[in-house]
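To start, the structure under review is shown below, and the notes come after it.
The values are calculated or read from the model by the stated rules, or taken from the named source; none is laboratory data. What you see is a predicted model; the values in this text were computed from it and never measured. Counting neighbours? That spans all protein chains shown, and the Cβs are built from the backbone with ideal geometry, glycine included.
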Amino acid sequence: MTKRALSGVFLVAILVAGVADALGTAPEDDWKRFRGPNGSGVVEAGNLPTEFGPDTNVVWKTALPSGFSSPVIADDRVFVTALEGEALETIALDRTTGEILWRQTSPRPRQESVDFRSHPAAASAVVADNELYVFFHDYGLLSYDLDGEERWDVAMGPFTNIYGMGASPVIVDDLVILVADQEVESFIAAYDRATGDEVWRVARPEAHSGHSTPILWVSPEGEQQLLVPGSFLLDAYDPFTGEKLWWVSGLSFEMKSTPVIHDGVAFVNGYGSPMNQPGNQVFLPEFDELMPDADSNGDGLISQEEMPQSRATQWFGLADYEGDGNLNEREWAYLRAALESRNGMLAIRLGGSGDMSEENLIWEYNKAVPQLPSPLIYNDILYMVNDGGIVTSFDPATGEVIAQGRLKGAIDQYYASPIAADGKIFMLSELCMFSVLEPDGGLAPVSVSDLDDLCHATPAIADDRIYLRTRNHLYAFGLTD
């Protein structure tokens, strides 16, 4: 019996032990990775509060350096990454009291510029057993034990991503896997959890910018597959070999959200730009058709001066990912594909072999699509909140819209992804307005709390507490009466 073909009693044991959450059916108790169990944003918890504030239902509050990474939780500890001055730090806090137990500083051989919507400490940690893994785009991948002793590190980069690298590492059995989508030389790689040795690495040539953290799916045959959104494609990989098993096209040219799974279907949203709205796209000619008229100097390349004047002209810099001031045939093909790609929420049936685009795409919705926040499925209803605060709820089976609009009392920008537990849905805005919704598809908030701060990280839930990171603090909220 191989690791890839789980069956019989062994499969049942694995499912009971926790892989069932990869099927989107069995949330775990702890929040050990970005967005909790398998990136779903859903966990089993009870007695969560509906009112929040600097002095409301606060179990503890701890000052922290800045960071956009979300808290992850395992055993008696909470872990975050941060930037203290110029130092990259990994910080462990006591889950019960909020006391800082330890902090470790990563090497930082470079300081890559990042977009204002990102941060040098953007990727969230991941925990398994007594092991912690963190990634910084200014250094690479590091592992600690839960007491803060470094186990190993792997220097990487420098990376070429104008936003900074945002995908978080994930764990599959004895491997830690990282997706590094960037302007050039994008890849996905697996590292031995015990040693940090690279086990496999696979190029992702279609991907030129991306920030999506992958999730795991277990097929009906018991085969574990890693689902990775990227430029234009949702790819499914064998996590133990890196083999690309199947894929579905139709995604945005730049992906940031994490998929969620429900009833054998993955739901993923992607937004590129206003020009990627259906009906507003630009369709450019093939490279060979363009060259006779456009290549005035005969060098076989398209310079910015030779670029046909249209709404696409402003995209020249995006397509020039090799940075030489010209577009070659590969870069032109990417520009065409990027401009033709559509903003959308996609429902994708899971499984198959090779190109499954026609067979697996169930439905697509193209309005008010998020760029940053990931979707949520709770009580058999699909939710998305876009960056401008427009919330849409769907019937996931059909794509029929149940409700759409802004949250009363919480009209704002949104970076954090929605989460759910205890019969409640939580949505957090940039200005730290924290809304609680009933899980019925409606958009009338049960409550809206104002934390009077800035919030970019997705909160975490464990037991009967919500862990929420603001600009300078980490809160643990729980019923305190």
Original post:
If you go through segment 249-259 one residue at a time, do you hit one that is closer than 27 Å to PRO37 by Cβ and of a type in the set (Phe, Trp, Tyr)?
Top reply: no
Original post:
Does segment 432-443 include one or more residues that are in a loop (DSSP other than H, G, I, E, B), within 30 Å of PRO120 (Cα to Cα), modelled with pLDDT of 95 or more and of a type outside the set (S, T, N, Q)?
Top reply: yes
Original post:
Restricting attention to segment 157-186, which residues are more than 16 Å from PHE240 (Cβ to Cβ) and surrounded by fewer than 17 Cβ atoms within 10 Å (Cβ to Cβ)?
Top reply: PRO158, ILE162, VAL184, GLU185
**OP:** Just need a number here: residues in segment 400-431 that are of a type in the set (Phe, Trp, Tyr), assigned to a loop (DSSP other than H, G, I, E, B) and over 13 Å from GLY389 (Cβ atoms).
**Re:** 0
**OP:** Output the residues belonging to segment 127-142 that are crowded, with 24+ Cβ neighbours inside 10 Å and in contact with a Phe, Trp or Tyr (Cβ under 6 Å, 6 or more places away or on another chain).
**Re:** LEU132, HIS137
**OP:** Check whether at least one residue in segment 353-376 is in contact with a helix residue (DSSP H, G or I) (Cβ under 9 Å, 6 or more places away or on another chain) and farther than 28 Å from ALA122 by Cα, and report yes or no.
**Re:** no
Original post:
Among the residues of segment 455-469, is there at least one that is in a loop (DSSP other than H, G, I, E, B) and exposed (fewer than 15 other Cβ atoms within 10 Å of the Cβ)?
Top reply: no
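Table: residues versus (1) at negative phi; (2) modelled with pLDDT under 95; (3) not polar (S, T, N, Q).
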residue	(1), (2), (3)
TYR321	yes, yes, yes
ILE348	yes, no, yes
GLY354	no, no, yes
GLU359	yes, no, yes
VAL369	yes, no, yes
**OP:** Can you tell me which residue among SER353, SER374 is closer than 20 Å to PRO214 by Cα, under 17 Å from the mean Cα position of the chain (by Cα), of a type outside the set (Val, Ile, Thr) and in the same structural domain as CYS455 (by TED's automatic domain parsing)?
**Re:** SER374
**OP:** Considering every residue within segment 113-133, establish whether at least one is out of contact with any Leu (no Cβ under 9 Å at 6 or more places or on another chain), aromatic (Phe, Trp, Tyr) and either free of Cβ contacts under 8 Å to residues at least 40 places away in the same chain or outside any loop (DSSP other than H, G, I, E, B) (or both).
**Re:** yes
**OP:** For residues that are of a type in the set (S, T, N, Q) and touching a strand residue (DSSP E or B) at 6+ places or on another chain (Cβ under 6 Å), scanning just segment 53-69, find the one that is farthest from THR458 (Cα to Cα).
**Re:** ASN57
Original post:
Can you name every residue in segment 268-295 that is loosely packed, with under 12 Cβ neighbours inside 10 Å, part of a loop (DSSP other than H, G, I, E, B) and of a type outside the set (D, E, K, R)?
Top reply: PRO278, GLY279, PHE283
Original post:
Mind checking which residues of segment 54-76 are exposed (fewer than 15 other Cβ atoms within 10 Å of the Cβ) and either in a helix (DSSP H, G or I) or of a type in the set (Gly, Ala, Ser) (or both)?
Top reply: ALA63
Subject >> Residues being among the basic types (Lys, Arg) and in contact (Cβ under 8 Å) with a residue 40 or more places away in the chain - total across segment 389-442 >> reply: 2
Subject >> Identity of the residue in segment 205-219, over 17 Å from the mean Cα position of the chain (by Cα) and free of Cβ contacts under 8 Å to residues at least 60 places away in the same chain, that ends up surrounded by the most Cβ atoms within 10 Å (Cβ to Cβ) >> reply: GLU206
Subject >> Restricting segment 359-392 to residues that are in a loop (DSSP other than H, G, I, E, B) and among the hydrophobic types (A, V, I, L, M, F, W, C), the residue that is nearest to LEU407 (Cα to Cα) >> reply: ALA368
**OP:** Within segment 336-358, identify whether any single residue is in a strand (DSSP E or B) and among the acidic types (Asp, Glu), and answer yes or no.
**Re:** yes
Original post:
When you look at GLY298, is it assigned by TED's automatic domain parsing to the domain that holds LEU382, surrounded by fewer than 16 Cβ atoms within 10 Å (Cβ to Cβ) and more than 15 Å from PHE232 (Cα to Cα), yes or no?
Top reply: no
